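The values are calculated or read from the model by the stated rules, or taken from the named source; none is laboratory data. Just so you know, these numbers come straight off a predicted model, no measurement behind them. Reconstructed Cβ throughout: ideal geometry from the backbone, glycine too, with neighbour counts over all protein chains shown.
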Amino acid sequence: MTATPTAVELARVAAAAAVDKKATDLVAFDVSDVLFITDVFLICSGSNPRQVAAIVDEVERRVKQAGGESPRIEGAGESRWVLVDFGDLVVHVQLEDERVVYDLERLWHDRPLVDLALDQPGPGEESTA
């Protein structure tokens, strides 16, 4: 099983929204064959709680505008690690320190990556610009 085209497109919308709010280290995993509750995990970082909140707000606005369902949101109070659950897409917006501690990439490294169609390099990649 692979992620649905809709989930991939919403992940791309969410990623573009996050980048517009200066999120860093974006990566998305196709988790559809191991999790039956979602298709794509998108992970990104913000440098402070205010930026994390801004990223979450923009992602929510743009994904809903693109036809995504109203999300369930966890962790918005402290804005250290906010989980935004759109159903087929789950977005994790973490402070850089939280990202290092919880290392979600290590947990999902064996899952296929989703091409976010961004010009920005992902974690560990160098920019070609």
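Just a few scattered comments:
- Test: residue 22 is loosely packed, with under 14 Cβ neighbours inside 10 Å and at pLDDT 95 or above: yes
- Residue, nearest to residue 93 (Cα to Cα), within segment 20-57, restricted to residues that are of a type in the set (S, T, N, Q) and in a strand (DSSP E or B): 45
- Residue that is farthest from residue 39 (Cα to Cα), among those in segment 81-105 that are of a type outside the set (Val, Ile, Thr), part of a strand (DSSP E or B) and in contact with a helix residue (DSSP H, G or I) (Cβ under 8 Å, 6 or more places away or on another chain): 95
- From the options 26, 118, residue that is touching a Cys at 6+ places or on another chain (Cβ under 9 Å) and of a type in the set (A, V, I, L, M, F, W, C): 26
- For residue 80, the stated conditions hold: it is basic (Lys, Arg) and touching an Asp or Glu at 6+ places or on another chain (Cβ under 8 Å).
- Selected residue (criterion: surrounded by the most Cβ atoms within 10 Å (Cβ to Cβ)) from residues of segment 62-80 that are assigned to a helix (DSSP H, G or I) and within 14 Å of the chain's Cα centre (by Cα): 63
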